[in-house]
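> So that we are looking at the same thing, I have put the structure below in structure tokens.
Each reported figure results from applying straightforward, stated rules to the coordinates on display, with no laboratory input. None of these values were measured; they are calculated from a predicted model. Note that we place each Cβ from the backbone using ideal geometry, even for glycine, and neighbour counts take in every protein chain shown.
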Amino acid sequence: MMQTIIPWGDPKAQMKWGSQLAVDTNTAGYFTKKFEGKGDNNIIEQKTELEGDTGDRVSFDLSVQLRGKPTTGDDRVTGKEESLRFYTDQVIIDQTRKSVSAGGKMSRKRTVHDLRKVAKARLAEYWAKYMDELKFIYLSGMRGINEDFIEPEDWTGHAGNAIQPPDAQHVFYPGAVASKATLTAADTMNRDVIEVVSSESKMMRAQDPKTANMKPVTVEGEDHYVVVMSPFQERDMRTAVGATGWLEISKAAAGAEGRASKIFKGGLGMINNVILHCHESVVRARDYGAGSNVHAARALFLGRQAGVIAYGTSGGARFSWFEDKIDGDNEPIVIAGTIVGMKATVFNGKRFGTIAIDTAAKSARAA
């Protein structure tokens, strides 16, 4: 049967392959599969206001709880109104693109269709990785030393959205460690620090009324937080709790309500309704400790609306696909990109849905 070949650069091909790239990128993305969605019951909330409208930024508010005393008896209430207060944050979007070349005529011996398939596969991998790194960096509040990240170590962010480090109330360390400078190589990930952060996250407002409590994600009527740690931190925790303790952690997740939910998929286990996950792109550093030489990793304790992401186009057309030929029509190229903005939520100078858990963590091969 004859196959219809759409010529290189045809607008119909660019629409079709751009849509397919969007699907493949979302399927491969770590956060999009597990933690991202529309509505506030997501760890990363998609803001859709700019998808069908003009503009390059969207603002969002946190309404502050009322705190004034009530008026009792026949005392006059007029003149005692408490003002509604809001804290505001915003995310800015901008275009980002990546181009690939199929090489000159003498170096390529594939059909137009094959070239598109290869380009789509590689670009989907690239964009899934890039978008995940974007989210890890913004949620962590630092770029770190991760050697395989696409952006360099001195990267300062995308679209004018500042990479904001978490405030002191939203950074925790194991045991009695009080700061980055006092962390030692022995202060590794353990069960206790997860328990401590879980309880502290629920008591933040009670101890400081100007700080908002972290809200959990609700799954089938149960409230859950999520921790994403590095493989080095996972290894240290496994060692700390032992085989029996790790089995209990694993069984807790397997028996939980909502275990079929996407936020449980691929999880390591659960501690006190905190679902544990592991990913190689958790941000790492090597400048902790008194001598600034302790290797560390920043695990992320995540609740509802820890971050927001906004796109400039709707889901079906989220990625553009442009085909062209350069060098006298000798070299086919594809330019694929998206319009996006990402940031961690920060209200009144404080993180809203993220706590950093900094522990010593390094490769077994590291000196």
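> Condition first: buried (at least 20 other Cβ atoms within 10 Å of the Cβ), hydrophobic (A, V, I, L, M, F, W, C) and within 30 Å of T239 (Cα to Cα). Now tell me which residues in segment 339-367 satisfy that.
Hits for segment 339-367 are I355, A356, I357, A360, A361.
> Restricting to segment 164-181, count the residues that are out of contact with any Phe, Trp or Tyr (no Cβ under 6 Å at 6 or more places or on another chain) and surrounded by 14 or more Cβ atoms within 10 Å (Cβ to Cβ). Talk me through it step by step, then tell me what you get.
So in segment 164-181, the residues out of contact with any Phe, Trp or Tyr (no Cβ under 6 Å at 6 or more places or on another chain) come out as 164-179, 181.
Narrowing the set further to residues that are surrounded by 14 or more Cβ atoms within 10 Å (Cβ to Cβ) leaves 164-167, 169-175, 177.
Summing the residues that are out of contact with any Phe, Trp or Tyr (no Cβ under 6 Å at 6 or more places or on another chain) and surrounded by 14 or more Cβ atoms within 10 Å (Cβ to Cβ) in segment 164-181 gives 12.
> Out of curiosity, is V294 among the aliphatic types (A, V, I, L, M), more than 22 Å from Q169 (Cα to Cα) and more than 16 Å from the chain's Cα centre (by Cα)?
Numbers: among the aliphatic types (A, V, I, L, M): yes; more than 22 Å from Q169 (Cα to Cα): yes; more than 16 Å from the chain's Cα centre (by Cα): yes.
Spelling it out, V294 is indeed among the aliphatic types (A, V, I, L, M), more than 22 Å from Q169 (Cα to Cα) and more than 16 Å from the chain's Cα centre (by Cα).
> So in segment 220-236, with the set limited to residues that are touching a residue at least 40 places away in the same chain (Cβ under 8 Å) and assigned to a loop (DSSP other than H, G, I, E, B), which one is farthest from A260 (Cα to Cα)?
Restricting to residues being touching a residue at least 40 places away in the same chain (Cβ under 8 Å) and assigned to a loop (DSSP other than H, G, I, E, B), the top hit is S230.
> On to the next question. Return yes or no: is T78 exposed (fewer than 10 other Cβ atoms within 10 Å of the Cβ), under 28 Å from A206 (Cα atoms) and either touching an Asp or Glu at 6+ places or on another chain (Cβ under 7 Å) or free of Cβ contacts under 8 Å to residues at least 40 places away in the same chain (or both)? Steps first, please.
Values: exposed (fewer than 10 other Cβ atoms within 10 Å of the Cβ): yes; under 28 Å from A206 (Cα atoms): no; either touching an Asp or Glu at 6+ places or on another chain (Cβ under 7 Å) or free of Cβ contacts under 8 Å to residues at least 40 places away in the same chain (or both): yes.
In short, no.
> Still on this structure, please answer the following. Hey, any hits in segment 30-39 for a residue that's assigned to a loop (DSSP other than H, G, I, E, B) and touching a Ser or Thr at 6+ places or on another chain (Cβ under 8 Å)?
First, the residues of segment 30-39 that are assigned to a loop (DSSP other than H, G, I, E, B): 35, 39.
Filter again for touching a Ser or Thr at 6+ places or on another chain (Cβ under 8 Å), leaving none.
Looking through segment 30-39, none of the residues is assigned to a loop (DSSP other than H, G, I, E, B) and touching a Ser or Thr at 6+ places or on another chain (Cβ under 8 Å).
> Does A336 count as in contact with a Pro (Cβ under 9 Å, 6 or more places away or on another chain) and surrounded by 20 or more Cβ atoms within 10 Å (Cβ to Cβ)? Break it down into steps so the answer makes sense when it comes.
Values: in contact with a Pro (Cβ under 9 Å, 6 or more places away or on another chain): no; surrounded by 20 or more Cβ atoms within 10 Å (Cβ to Cβ): yes.
So A336 does not fit the description; no.
> Search segment 321-333 for residues being surrounded by 19 or more Cβ atoms within 10 Å (Cβ to Cβ) and not hydrophobic (A, V, I, L, M, F, W, C), and hand back the single one that is farthest from K47 (Cα to Cα). I'd like the intermediate steps shown before the answer.
Let us first name the residues in segment 321-333 that are surrounded by 19 or more Cβ atoms within 10 Å (Cβ to Cβ), namely 321, 323, 332.
Narrowing the set further to residues that are not hydrophobic (A, V, I, L, M, F, W, C) leaves 323, 332.
On the way: E323: 29, P332: 35 Å.
That would be P332.
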